[in-house]
Amino acid sequence: MPILYPAIAMKPFIRYIVSSLLFVLAFQNASAQDSLQVEKPNERSFSILLATDYGKLATTAAKLDTRYEFNIGIQFTQHIRLIADYGYAQLAPSNAIENGNYTSTGNYYRAGLEYIINIVPKTYLSFGGMYANSTFTDEGTIEIKSEIWPSLNENFVRDGFSANWAEFVLTSETTIFNRDKGFVSNLYWGIKFRLRFMIEKPTPEQFDIYAIPGFGRTFNNIVPAVNLFVAYKMNW
């Protein structure tokens, strides 16, 4: 039986989070300072926010992993917003199998509520919770070459998997352009911090699951994550 080793390579992920966080927070701080110079706009009690994760689009363009994620938020009071996400991912963690390769592919969704705080005009901080589900398949190849014994080449394909988890979400968002009217006045961007808590995942007998679309690596049942998003807000 070949020996499988989980890949735990957090340093590049941490550098990506830190650099992205510093960049976004610097821009948001500048936007917040500019927004203090204009009058506070009329706050609407109902709005719809449509967003996409451009960080995932960047990893797809760079051919690191294939990831897409789209978000919708329906704000029906001044402070409460219903949020839902849908995503698709094809994850290929490096060194998930030491002598081979591994891919996990599937769809996921999240749904929940968040509480919104208006920091300054058009700059918001929110926190909330979400329930998430992922349906996916995985496959892998194991190759062990030997000059003494017969070489081993084994493939596996598994489908019908489902996993569930909960998330604590902290979000910061601000307007991209400091305008009161026009299309660009409703463009926002921000950063979303997630802390994921695994509820239930499959436990196959032969080979472990190394990555779950929407959740990420399975080396721990509590996983942090960061999303960078751009959004358009429609107010009524």
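The values are calculated or read from the model by the stated rules, or taken from the named source; none is laboratory data. Everything numeric here is computed off the predicted structure, so don't read it as measured data. All Cβ positions, even for glycine, are placed from backbone atoms using ideal geometry, and neighbour counts span all protein chains on display.
The rows are residues; the columns are (1) touching a helix residue (DSSP H, G or I) at 6+ places or on another chain (Cβ under 8 Å); (2) surrounded by 11 or more Cβ atoms within 10 Å (Cβ to Cβ); (3) at pLDDT below 95.
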site: 148; (1), (2), (3): no, no, yes
site: 151; (1), (2), (3): no, no, yes
site: 156; (1), (2), (3): no, yes, yes
site: 163; (1), (2), (3): no, yes, no
site: 166; (1), (2), (3): no, yes, no
site: 170; (1), (2), (3): no, yes, no
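Rundown of residues vs (1) hydrophobic (A, V, I, L, M, F, W, C); (2) within 12 Å of the chain's Cα centre (by Cα), yes/no style:
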{"site": "178", "(1), (2)": "no, no"}
{"site": "181", "(1), (2)": "no, no"}
{"site": "195", "(1), (2)": "yes, yes"}
{"site": "216", "(1), (2)": "no, yes"}
{"site": "225", "(1), (2)": "yes, yes"}
{"site": "230", "(1), (2)": "yes, no"}
{"site": "235", "(1), (2)": "no, no"}
Original post:
In the stretch 98-124, how many are surrounded by 15 or more Cβ atoms within 10 Å (Cβ to Cβ), closer than 20 Å to residue 227 by Cα, β-branched (Val, Ile, Thr) and without any contact (Cβ under 8 Å) to a residue 60 or more places away in the chain?
Top reply: 1
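Report, by residue number, each residue of the stretch 179-236 that is of a type in the set (A, V, I, L, M, F, W, C) and assigned to a helix (DSSP H, G or I).
At the first step, the residues of the stretch 179-236 found to be of a type in the set (A, V, I, L, M, F, W, C) are 183-184, 187, 189, 191, 193, 195, 197-199, 207, 209, 211-212, 215, 219, 222-223, 225-226, 228-231, 234, 236.
Matches in the stretch 179-236: 183, 184.
Does residue 168 fit the bill of being among the aromatic types (Phe, Trp, Tyr) and not in a strand (DSSP E or B)? Reasoning before the result, please.
Values: among the aromatic types (Phe, Trp, Tyr): yes; not in a strand (DSSP E or B): no.
Considered against the rule, which asks whether it is among the aromatic types (Phe, Trp, Tyr) and not in a strand (DSSP E or B), residue 168 comes out as no.
Report, by residue number, each residue of the stretch 205-236 that is of a type outside the set (Ser, Thr, Tyr) and over 21 Å from residue 130 (Cβ atoms). Spell out the reasoning first.
Step one: filter the stretch 205-236 for residues of a type outside the set (Ser, Thr, Tyr), giving 205-209, 211-217, 219-231, 233-236.
Matches in the stretch 205-236: 205, 206, 207, 208, 209, 219, 234, 235, 236.
Take the stretch 77-100 and flag every residue that is charged (D, E, K, R) and touching a Pro at 6+ places or on another chain (Cβ under 6 Å). Write out each step before concluding.
At the first step, the residues of the stretch 77-100 found to be charged (D, E, K, R) are 81, 85, 98.
Residues satisfying the conditions do not exist here.
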